[in-house]
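Novice: I am attaching a structure below and will ask some questions about it afterwards.
Every number here is computed from the coordinates shown, using simple stated rules; none is lab data. The structure displayed is predicted, hence computed values, not measured ones. Here the Cβ positions follow ideal geometry from the backbone for every residue, glycine too, while neighbour counts run over all protein chains shown.
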Amino acid sequence: MKDASPQTIYLSDYTPPTYLVDQVHLTFRLHPEKTRVISRIEFRPNPASQSREFFLHGEDLRLISARIDGQEVSPDMVQGGLRCDVPDAPFVWEAEVEIAPAQNTALEGLYMSSGMYCTQCEAEGFRKITYYPDLPDVMATFTVRIEGETPVMLSNGNPGATRASFAEWHDPWPKPAYLFALVAGDLVSHPGAFTTQSGRQVELNIWVRPGDEGKCAFAMEALKKSMTWDEQVYGREYDLDVFNIVAVDDFNMGAMENKGLNIFNSSCVLASPETSTDANFERIEAIIAHEYFHNWTGNRITCRDWFQLCLKEGLTVYRDAQFTADMRSAPVKRISDVIALRARQFREDNGPLAHPLRPESFVEINNFYTATVYEKGAEVIGMLKRLVGDAAYAKALDLYFDRHDGQACTIEDWLAVFEEVTGRDLGQFKRWYSQAGTPRLRVSDDYHDGTYTLHFEQDTPPTPGQPDKAPQVLPIAVGLLGPNGDEVRATTVLEMTEAKQSFTFDGLAARPIPSILRDFSAPVILERDTDNAERAFLLAHDTDPFNKWEAGRALAREGLIAMILDGAAPDAAYLDAVQAMARDDSLDPAFRALALGLPSQDDLAQTLHDRGHTPDPQAIWEALETLRQARAQHCQDLAVRLYAQYQVDAPYRPDAEQSGARALANAALALITRTDGGAQAQRQYDAATNMTQQLAALSCLLQAGKGDAATAQFYDQWRDDRLVIDKWFMMQIINADPEEAATVAKRLTQHPDFGMKNPNRFRATLGALAANPAGFHHASGAGYRLLADWLIWLDPVNPQTTARMCSAFETWKRYDDQRQTMIAQELDRILATPDLSRDTTEMVSRIRG
Ligand code: PHE
Ligand code: ZN
């Protein structure tokens, strides 16, 4: 049943829960069509609340019976739950409900995936399991009994009695319902063990479907590394006797940090060299770490309400990024994160879906698990750390864990520990949480008599609901280079707080070349009138790896913009500079592979839009093709040399060193393919012994229009491996010529292996179309129509995944009138669909504006 009129929830309406819960007992009698859930919940009045109204959330539940202190009651069934008269004193609520996991395709609550039972409760899925105050500030201990026929039955916490027909679990740590989890099925474990720093023996398991046992070793090692790292860097120890991870095929997101029982999208945990790329391995390591780190930042200390989501997500993303930087290469991680931030978060922050880190209202909270909350949330933590310094950051975190353990907290609680430790007023810094939009930072400079001055101006464009913005605190890391390329001033952090502010450097022998916003010290768009000579100089000499990369990126971008707007030829300065960079064997191969990347089509479209032009997706694509071709010719000999030099002969390891070498060799292969027509790529494809090599070769062949044989072979080889077949769907669409992309995507949606019930497959197909911008925005409108058709079909099946994918349309106002008209028609068609979900209605309405 759909809500008649979706309600908007406001942060300003927050009130504490009227009743608190001490203990919860749940019994599950598992059945695909009629699972019984029997709850016994100990409530007591919350002294912090005036109201004695009693409301329990509940959705899609069949209430069989309800009792208060043993007496049968008949609650008022209302929209989204029930109300009941209850004592103004502690009481016991007992209820029995029936649910149908096999019918649950939305993948929220208790559902079935490949024959196994599993749950997803964040954010508001628990209310589809039983009646409960399903809010994050209601924390309780849970005891769970699962009755069923399946060999493995898991829940949170530590195991209790277990027989063939039932299993009991007890979680001693109070938690909100969104961290509840249950899994039952025919699963096998890849076991492990860990001893914590204080000597607790922890049993580790990764549970998978039989047949997948061989793909767990990497994730297990990642888990142990994460546990060690959190002890060493944050002093945080694990707190239960077991830690279980389960892989499920049907999952809306990447993974979920349920207490002691993390549930993962199988794509984010299963790995083998033959089936996973280096990038997959790195992502798995990061997500395992992320979910594990939530045990402290999210679970032991949780969020008071969903508006505070970035309290746990921003911090945990920041922590997992630190972990990856420590395990691998810090500069490579930073550059990759900034590429992703610009691609997803800047795009969001500069369009109709822009929202503050802490939104003021929402209709469907699932729509706020965004790049802003996660990635910008992490950037803000990074800025805070840069402003207060490493030592104060460590102290503030210790205080945070000490003071708030077991609590449901707010951004205010978080900032207060920093204020106390440093004595700083973070009032202005807090604007990062309330103002949406990406600040523009304009810089100019002058030099007289040994004194160099940088003049900064900041300004944040309007975003929905926020026409005017106040200046924010910007930590601007700056270094200065002398004309000979030597660094004459090491990195210092300038703290900008005003709309306009200047900073001077004295005692300089000559006008320096500035390296501004080193390590991308603030998530802003830097605007500086400079020239290609300076960019090439920084690419050659900057000691800051991020800005070195950034200089090359800017050089490429300006050349491309000139090609698009003025029909210029590829820029010789760029070609020479990039060749010199790629040839420099003293540089990390992974860095060089990144520096051989080009700005994305979407980046270029946004830049053109920012500069007052209407981007033409086809022209952008053509300019990139022309530049790639020119670069391949320019670097022909170098490409052959790099390709040979960076072949890895040692047995496959997914570590930073080997994956960096493979990344550079594969970047060279892409260059070679443009001059040899695909011969080398075909040889690599035929000889590949790992997925990184196989997929890179397939991608080159597809781009060269020579992919038919390899595509057919790939399918035959991998038809039984779902995760690899996802790649097969995606590759064909992402690499399709823009003229063909919608046709290829449409044909693939008719393939027998396409099914919309599996979110991974849906994303691999329709998400890939959106990731081929020239194809998606083809002037025919075929891409728009195909995506809208599928969103309309998917919505009743899985609203959450549908709503997320609507963001493919979020950039529509950048484009020309014809495209805008076509997109508006599709958005209106979606909105006019009867019974459209609350999730999709909210997203499409916000995008439509
Ligand atoms: N909390 C999860 C994470 O950050 C993400 C998630 C949200 C998963 C909602 C499922 C549903 O790791
Ligand atoms: Zn998270």
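Novice: Multiplying the sequence separation of GLU739 and GLU527 by 0.36 nm and subtracting their Cα-Cα distance, what value in nm do you get?
Specialist: Numbers: separation 212, 0.36 × 212 = 76.32 nm, distance 3.47 nm.
Full-extension gain reported as 72.8 nm.
Novice: Arrange GLU657, GLU59, GLU72 by Cβ neighbour counts within 10 Å, fewest through most, would you?
Specialist: Working: GLU657 15, GLU59 20, GLU72 9.
Fewest to most other Cβ atoms nearby, the residues stand as GLU72, GLU657, GLU59.
Novice: Jot down the radius of gyration and Dmax of the range 467-513, Cα atoms only, both in angstrom.
Specialist: Taking only Cα atoms of the range 467-513, I get Rg and Dmax of 13.8, 45 Å.
Novice: Can you give the Kirkwood hydrodynamic radius of the range 480-537 from its Cα pairs, in Å with one decimal? The partial results should precede the final answer.
Specialist: Values: mean 1/r = 0.0761 Å⁻¹.
Across the range 480-537, the inverse of the average 1/r is 13.1 Å.
Novice: While we're on this one: In nm, to one decimal, how far is the modelled label at ARG163 from the one at ALA391, with both set 7 Å along Cα→Cβ?
Specialist: It is 6.1 nm.
Novice: Note the angle between two axes, namely the Cα long axis of helix 722-734 and the longest principal axis of the Cα atoms of the chain, as a number of degrees from 0 to 90, rounded to the nearest 10.
Specialist: Value to nearest ten degrees: 40.
Novice: Also, quick follow-up: What Kirkwood radius, in Å to one decimal, follows from the Cα pairs of the range 266-398? The partial results should precede the final answer.
Specialist: On the way: mean 1/r = 0.0628 Å⁻¹.
Over the range 266-398, the inverse of the mean reciprocal pair distance is 15.9 Å.
Novice: Let me ask something else. Express in nm, to one decimal, how much length is gained between ILE64 and GLN103 on full extension, taking 0.36 nm for each residue of separation and deducting their alpha carbon distance.
Specialist: That pair, ILE64 and GLN103, stretches by 12.1 nm at full extension.
Novice: Okay, next question. Beyond a 29 Å Cα-Cα separation, which of these cross-linked pairs lie in this structure: LYS215/LYS333; LYS128/LYS395; LYS333/LYS430?
Specialist: On the way: LYS215/LYS333 25 Å; LYS128/LYS395 41 Å; LYS333/LYS430 27 Å.
Checking Cα-Cα distances, LYS128/LYS395 exceed 29 Å.
Novice: Further question: To one decimal place, what Kirkwood hydrodynamic radius in Å is obtained for the range 181-254 from all pairs of distinct Cα atoms?
Specialist: On the way: mean 1/r = 0.0747 Å⁻¹.
In the range 181-254 this quantity evaluates to 13.4 Å.
Novice: Ok, one more. Taking the range 146-216, which trypsin sites (Lys or Arg not before Pro) meet the DSSP loop condition and have no more than 10 other C-beta atoms within 10 Å?
Specialist: Numbers: sites: ARG163, ARG200, LYS215; in loops: ARG163, ARG200.
Here the sparse-neighbourhood loop sites are ARG163.
Novice: Can you tell me how the range 337-422 classifies by the Cα gyration tensor, rounded, prolate or oblate, using a/c under 1.5 as the rounded cut?
Specialist: Details: a/c = 2.83, a/b = 1.55, b/c = 1.82.
It comes out oblate by the Cα gyration axes.
Novice: For the range 250-297 and the range 309-325, what is the centre-to-centre distance using only Cα atoms, to the nearest Å?
Specialist: So the separation of the two Cα centres works out to 14 Å.
Novice: Using 7 Å Cα-to-Cβ label points, what is the GLU213/ASP446 separation (nm, one decimal)?
Specialist: Taking the simple label geometry, GLU213 and ASP446 are separated by 7.5 nm.
Novice: Using the count of nearby Cβ atoms within 10 Å as a rough guide to exposure, how do SER113, SER336, SER165 rank from fewest to most? The partial results should precede the final answer.
Specialist: Values: SER113 23, SER336 19, SER165 10.
Result, fewest neighbours first: SER165, SER336, SER113.
Novice: Could you work out the relative contact order of the range 381-455, using alpha carbon pairs under 8 angstrom and six or more residues apart, expressed as a whole percent? Spell out each step's value before the answer.
Specialist: On the way: 33 pairs, mean separation 14.8, N = 75.
After rounding, I find 20 percent.
Novice: How big is the C-alpha Rg of the chain next to the rule-of-thumb value 2.2 N^0.38 Å, as a ratio?
Specialist: On the way: Rg = 27.4 Å, N = 849, 2.2 N^0.38 = 28.5 Å.
Its radius of gyration relative to the 2.2 N^0.38 Å reference: 0.96.
Novice: Would you mind checking the tilt of helix 572-583 against the longest principal axis of the Cα atoms of the chain, expressed as 0 to 90 degrees and rounded to 10?
Specialist: That works out to roughly 70 degrees.
Novice: Another question about this same structure. Taking the Cβ of each residue in MET730, MET77, MET756 as the centre, tally the other Cβ atoms inside 10 Å and list the residues starting with the fewest. Before the final figure, lay out the partial values.
Specialist: Details: MET730 21, MET77 11, MET756 18.
Result, fewest neighbours first: MET77, MET756, MET730.
Novice: Identify the GluC sites (Glu not before Pro) of the range 105-161 meeting these criteria: DSSP loop state and at most 12 other C-beta atoms within 10 Å of the C-beta. Walk me through the numbers before you get to the answer.
Specialist: Numbers: sites: GLU108, GLU122, GLU124, GLU147, GLU149; in loops: GLU108, GLU122, GLU124, GLU149.
The qualifying sites are GLU149.
Novice: Across bins of 5 angstrom width beginning at 0, how are the C-alpha pair distances of the range 379-435 distributed, in whole percent?
Specialist: 4, 19, 33, 26, 15, 4
Novice: Here's another thing I want to ask about it. For the pair GLN633 and LEU508, what calculated FRET efficiency results from E = 1/(1 + (r/R0)^6), where r is the Cβ-Cβ distance and R0 = 35 Å, to the nearest 0.05?
Specialist: Details: r = 41 Å, r/R0 = 1.18.
The calculated FRET efficiency here is 0.25.
Novice: For the range 41-166, take the alpha-carbon Rg, divide it by the Kirkwood Rh, and send me Rg/Rh.
Specialist: Details: Rg = 15.8 Å, Rh = 16.2 Å.
Rounded to two decimals, Rg over Rh is 0.98.
Novice: Setting aside same-chain residues fewer than 8 positions from LYS813, which lysines have a Cα under 28 Å from its Cα?
Specialist: LYS376, LYS469, LYS746
Novice: Could you give me the radius of gyration and the Dmax of the range 439-540, taking only the C-alpha atoms into account and expressing both in angstrom?
Specialist: According to the Cα coordinates of the range 439-540, Rg and Dmax are 14.5, 49 Å.
Novice: Using only Cα atoms, tell me the angle between helix 601-610 and the longest principal axis of the chain; keep it within 0 to 90° and round to the nearest 10.
Specialist: The two axes meet at around 80 degrees.
Novice: Need the full-extension length gain, MET77 to LEU11, defined as separation in residues times 0.36 nm minus the C-alpha distance. One decimal, nm.
Specialist: On the way: separation 66, 0.36 × 66 = 23.76 nm, distance 2.58 nm.
Length gained, MET77 through LEU11: 21.2 nm.
Novice: Any chance you could check the Cα centroid distance between the range 597-621 and the range 417-432 for me, in angstrom?
Specialist: Cα centroid of the range 597-621 versus Cα centroid of the range 417-432: 38 Å apart.
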